[in-house]
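*Asks:* Before I ask anything, here is the structure I am working with.
The values are calculated or read from the model by the stated rules, or taken from the named source; none is laboratory data. What you see is a predicted model, and the numbers here were worked out from it, not measured in a lab. No Cβ is skipped: glycine too gets one built from the backbone with ideal geometry, and neighbour counts run over all protein chains shown.
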Amino acid sequence: MSAANKYRLAFVEYYLRKFAAKQNRILDLGCGMGQYRDCTSASYVGLDVTSQDYKAGCPRIVDVVASAIAIPAPAECYDLVFSVGALYQMPNPPKVLSECYRILRPGGRGLFFDYNRRTQERLEAGEGMKRPKWSQWELKRLLEKAGFRSCELLLPIGREIKQPTRTIRLLLQELLGQWVVITGVK
């Protein structure tokens with residue numbers, strides 16, 4: 001197992017496999033070590049603001065070094081844009097989401113895995129840096145404002161759950177969990 005693969009989250013892999021088809025072009029925003037590079041047969045591009053290794057010595061595997069508020073890609077060139085635990089660290093998340101919408105083909109999907117308000121507050125205290133914070137419903141509204149439709153809150157598990165259990169799990173995730181998982185379509 002590579003160093004990057006040990007940091008993979010099973011629920012991220014599950015949703016990438018669910019939403020990325022073989023012929024798709026996908027963009028990983030804030031790709032870091034590129035740990036999801038080979039979990040689908042889609043054409044993967046990793047974007048990060050730097051290609052410098054992490055302080056702990058872990059390498060960054062980056063294809064495009066750029067800011068997510070000005071993605072160097074033409075409009076409508078990706079089928080899926082996703083981000084794992086990075087959106088809250090990016091300057092101007094609403095602008096980032098608008099950029100994601102711009103580069104998606106019609107019918108393309110945004111898929112965002114980010115920390116919820118409770119976890120963001122804990123990280124902010126530990127890092128000593130002010131960051132944006134949101135509940136899953138607030139992040140859903142940000143996606144909708146960026147133009148995404150059919151926005152859906154997902155659970156950070158690697159399987160589907162039916163109602164009413166799904167609603168209960170979403171509420172518990174907001175109160176006790178650490179993730180916001182959301183998708184929307186252009």
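*Asks:* Does residue 169 satisfy the criteria of being within 17 Å of residue 90 (Cβ to Cβ), surrounded by 14 or more Cβ atoms within 10 Å (Cβ to Cβ) and charged (D, E, K, R)?
*Replies:* When the stated conditions are applied, residue 169 does not pass them.
*Asks:* If you go through the range 22-29 one residue at a time, do you hit one that is out of contact with any Gly (no Cβ under 9 Å at 6 or more places or on another chain), over 29 Å from residue 121 (Cα atoms) and modelled with pLDDT under 95?
*Replies:* yes
*Asks:* Here is a check on your reading of the model: is residue 123 farther than 18 Å from residue 184 by Cα, in contact with a strand residue (DSSP E or B) (Cβ under 7 Å, 6 or more places away or on another chain) and either surrounded by 12 or more Cβ atoms within 10 Å (Cβ to Cβ) or modelled with pLDDT of 95 or more (or both)?
*Replies:* Answer is yes for this residue.
*Asks:* State whether one or more residues within the range 71-82 are surrounded by 13 or more Cβ atoms within 10 Å (Cβ to Cβ), more than 15 Å from the chain's Cα centre (by Cα) and among the small types (Gly, Ala, Ser).
*Replies:* For the range 71-82, residues surrounded by 13 or more Cβ atoms within 10 Å (Cβ to Cβ), more than 15 Å from the chain's Cα centre (by Cα) and among the small types (Gly, Ala, Ser): present.
*Asks:* Could you identify the single residue in 75, 68 that is outside any helix (DSSP H, G or I), of a type in the set (A, V, I, L, M), at pLDDT 95 or above and in contact with a strand residue (DSSP E or B) (Cβ under 8 Å, 6 or more places away or on another chain)?
*Replies:* Answer to the selection: 68.
*Asks:* Restricting attention to the range 23-51, report how many residues are within 18 Å of residue 104 (Cα to Cα), in a loop (DSSP other than H, G, I, E, B) and hydrophobic (A, V, I, L, M, F, W, C).
*Replies:* Residues flagged as within 18 Å of residue 104 (Cα to Cα), in a loop (DSSP other than H, G, I, E, B) and hydrophobic (A, V, I, L, M, F, W, C) within the range 23-51 amount to 2.
*Asks:* Sticking with this structure for a sec: List, please: which pairs have Cβ atoms under 8 Å, are six or more places apart or on different chains, and start with a residue in the range 50-72 that is farther than 19 Å from residue 91 by Cβ and end with one that is among the basic types (Lys, Arg)?
*Replies:* Note: pairs meeting the criteria are 53/60; 54/60; 61/37.
*Asks:* Can you name every one of the helices (runs of 4 or more DSSP H) wholly within the range 79-186 that holds 3 or more residues which are touching a residue at least 12 places away in the same chain (Cβ under 8 Å) and under 19 Å from residue 10 (Cα atoms)?
*Replies:* 165-176
*Asks:* Here's another thing I want to ask about it. Identify the residue in the range 129-151 that is under 20 Å from residue 88 (Cβ atoms) and charged (D, E, K, R) and, among all such residues, is surrounded by the fewest Cβ atoms within 10 Å (Cβ to Cβ).
*Replies:* Ranking the qualifying residues of the range 129-151, first place goes to 130.
*Asks:* Being at pLDDT 95 or above and charged (D, E, K, R) is the filter here, so list the residues in the range 133-168 that pass it.
*Replies:* Once the filter is applied, which keeps residues that are at pLDDT 95 or above and charged (D, E, K, R), the range 133-168 yields 138, 140, 141, 144, 145, 149, 152.
*Asks:* Same structure, new question: Looking at the range 78-136 only, could you name the residues that are among the acidic types (Asp, Glu) and either more than 22 Å from residue 178 (Cβ to Cβ) or touching an Asp or Glu at 6+ places or on another chain (Cβ under 7 Å) (or both)?
*Replies:* 79, 99
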